[in-house]
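Read through the structure below, which is laid out as C-alpha cells, and then see the notes.
The values are calculated or read from the model by the stated rules, or taken from the named source; none is laboratory data. Since the model is a prediction, treat every value here as computed from it, not as a measurement. FYI the Cβ positions are ideal-geometry reconstructions off the backbone, even for glycines, and counts take in every protein chain you see. These accessible areas exclude ligands, DNA and RNA; they are computed on the full protein's heavy atoms, side chains included. Shrake-Rupley method; radii C 1.70, N 1.55, O 1.52, S 1.80 Å.
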Amino acid sequence: MTKKIVILPGDGIGPEIVAEAVKVLEAADNKFKLGLKFEEDLIGGAAIDQHGVPLANSTLEKCKAADAVLMGSVGGPKWDKLDAGIRPEKGLLKIRYEMGLFANLRPAILYPQLADASSLKPEIVAGLDILIVRELTGGIYFGEPRGIRLLENGERQGYNTYVYAEHEIERIGRIAFEMARKRGKKVCSVDKSNVLEVTVLWREIMQSLAKDYPDVELSHMYVDNAAMQLVRAPKQFDVIVTGNMFGDILSDTAAMLTGSIGMLPSASLSKDGCGLYEPVHGSAPDIAGQGIANPLATILSASMMLRYSLNETEAAHAIEVAVGKVLDKGLRSADIYSDGSTKVSTAEMGAAVVEALEAL
Ligand code: IPM
Ligand code: MG
C-alpha cells in the first residue's frame, strides 16, 4: 500500500535540509519497502510569493488527505514587514490548527558524541533524554479576543487571551502520561498557577488524570523555576508537559542543552495519528543557500514520522542508528563542529546518513 507524504520545504534553509531528509527517506523506502510517495508543496514565504497567502487551501487539503507531512521551516526578513495576518508563521499556525495537531513532541536527547558541543558542563548533560510534550493548538497562541485596539485616551493597547478548556488539557495530559509509561515514568507539568487561573485549572486536571496512571509519578513546577532547573539540573526531567507558549520557550532551552538546536526533531500529532514533522529550529536566513545547515534535525524528524504516523518502527530505528554512525565517524556540520572532527556540508551530511543506512 502506498503512503502519501506531503513535503513542505518552506523558506530559508528549509529546502536544503528537507532535500537531504527526502534522500534518507528514499533510501529507507528502498531498504524496507515502505511504499512512500512524495508530493511537494509550498508553505510560508514561498507560498506568499506564489499565492499571496502563507498556506493555500489546496495545500491544506493535500496535507489532510496525506498519511504524514514533512516540513522544513518558515519565515525570513523578506516577509517581516507584512501584516501579522499573512506572515509566513501564520501558515504554520494554520496547518497545526486546521489539522488538529494538538500534541507536539519535542525530544531533547544528547548524543554522547556531542557532549562537548553543549554549552553546559558534560557531567550536567551526559545521558540527557527529555521529552517535552507541548500543547500546540490552544492557549495564548489561539485565544480570542486578540489584537491591538485604540483606547479612549488615544493610546493603543495590545491584547491576547490565554485560555484552555478542560478537554484540551486532558487530551495533552493523557499523551504525556502515555509517553512517560514507555520511558522513565515521570511527568512534570509546568504551569504558572501562582498567578494565572488558566493554569490553576491545568494543574487540577493533571492531578485528576494522574489517578488513571498510578505507575507514573506526577510533579508540578512553575515555569520560571522550570526554565532555571533545565539549565541547572536537566537530568531530573523525564517528560515535561506544558501549554503552547511555555512549551515554545522551554523547548528552545532544552534544545540548546544538547549542543545544537540543529539536532532536534519534532512531531505534531492529531488524535487519528496523521502528523506533521519538522525540525525544532527555524529557517536560519543568515545561513540559507550556503549549504552549511545541519540536516540532522530534519532527518530525525523523518524518522519520527516513520515511527508515529506510519508505524514503521524498524525503519525509524535504522535512521537513528545511521545518524549515530555518522557522528561516530566524526562528521560534523558547522553548528556542531569542534577541533579534530571533519566539517561537512548539508549535502555531505545527508549523503553520509544515506550511506550508513544502506550499510546497515
Ligand atoms: C516553533 C516556532 C513557532 C512557534 C513559530 C515559527 C510560529 O517557534 O515551532 O517553536 O512559536 O510555535
Ligand atoms: Mg519556537
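With every protein chain in place and a 1.4 angstrom probe, the accessible-area ranking of I249, I17, largest first, reads I249, I17. The spread of Cα positions in the stretch 59-214, taken along each principal axis and listed from longest to shortest, comes to 54, 40, 39 Å. Computed extension gain for K4 through K81, at 0.36 nm per residue and net of the alpha carbon distance, reaches 24.2 nm. With Cα atoms defining each centre, the stretch 127-152 and the stretch 197-236 are spaced 18 Å apart in the structure. The accessible area of H51, taken with all protein chains in place and a 1.4 Å probe, comes to roughly 90 Å². Extension gain, Y159-D215: 0.36 nm per intervening residue step, less the Cα-Cα distance, totals 16.0 nm. Averaged over its residues, the chain has an accessible area of 43 Å² per residue, based on protein heavy atoms and a 1.4 Å probe.
Expressed in units of 2.2 N^0.38 Å, where N is the residue count, the Cα radius of gyration of the stretch 129-257 is 1.15.
Express the carbon and sulfur contribution to the solvent-accessible surface of the chain as a percent, rounded to the nearest whole number, probe 1.4 angstrom. Write down the numbers at each step before the final one.
Values: 8100 of 15570 Å².
That fraction is 52 percent.
Amide H contacts of V74: D11, S283, each under 5 Å away and 5 or more positions distant or on a separate chain (H built 1.01 Å from N in the peptide plane; Pro and chain starts excluded). Remark: for residue pairs K3/K271; K62/K343; K33/K185; K4/K329; K4/K31, the C-alpha separation exceeds 29 Å in K62/K343; K33/K185; K4/K329. Note on E178 and H51: with the Förster distance fixed at 56 Å, the Cβ-Cβ geometry gives a FRET efficiency of about 0.90.
The calculated 222 nm mean residue ellipticity attributable to helices in the chain amounts to -12500 deg cm²/dmol, summing -39500 (n - 2.57) over DSSP H runs of n ≥ 4 and dividing by all residues.
Compute the Rg/Rh shape ratio of the chain: radius of gyration over Kirkwood radius, all on alpha-carbon atoms.
Dividing the radius of gyration by the Kirkwood radius yields 0.96.
Quick one: of the DSSP bridges fully inside the stretch 129-257, what percent are antiparallel, nearest 5? Around 20 percent antiparallel, to the nearest 5. Short-range pairs are left out: with C-alpha atoms under 8 Å and at least six residues apart, the relative contact order of the chain is 22 percent.
Each residue was assigned an accessible area with a 1.4 Å probe, and for R181 the value is about 90 Å².
Place a label point 7 angstrom from the Cα of D252 along the Cα-to-Cβ direction, then list the residues of the stretch 12-26 whose backbone nitrogen is under 19 Å away. Residues 12-14 qualify, since their backbone N sits under 19 Å from the label point. Exposed loop sites were defined as GluC sites (Glu not before Pro) in DSSP loop states (anything but H, G, I, E or B) carrying at most 13 other C-beta atoms within 10 Å; in the chain the longest segment without such a site runs 156-360. The simple spin-label model puts a point 7 Å past each Cα toward its Cβ; for K329 and E152 those points are separated by 7.1 nm. In the stretch 308-360, which trypsin sites (Lys or Arg not before Pro) fall in coil by DSSP and have 15 or fewer other Cβ atoms within 10 Å? Answer by residue number: K329. About the centre of its Cα atoms, the stretch 129-257 shows a dipole size close to 380 debye [charges on the beta carbon of Lys, Arg (+1) and Asp, Glu (-1) only; nearest 20 debye]. Dipole magnitude for the chain: computed about the Cα centre from +1 point charges on Lys and Arg Cβ and -1 point charges on Asp and Glu Cβ, it is near 360 debye. The calculated Kirkwood hydrodynamic radius for the stretch 226-337 is 15.5 Å, given to one decimal from all distinct C-alpha pairs. Cross-link candidates for K121: which lysines have Cα within less than 16 Å, leaving aside residues fewer than 8 places away along the same chain? Cross-link targets: K235. Solvent-free Debye calculation, one equal scatterer per alpha-carbon of the stretch 122-179: log10 I(q)/I(0) at 0.14, 0.17, 0.24, 0.26 Å⁻¹ equals -0.62, -0.72, -0.96, -1.02. Within the full protein context, the accessible area of I175 is estimated at about 40 Å² for a probe radius of 1.4 Å. Taking G243, G154, G52 in turn, the Gaussian network model of the chain (Cα-Cα springs below 10 Å) assigns the largest fluctuation to G154.
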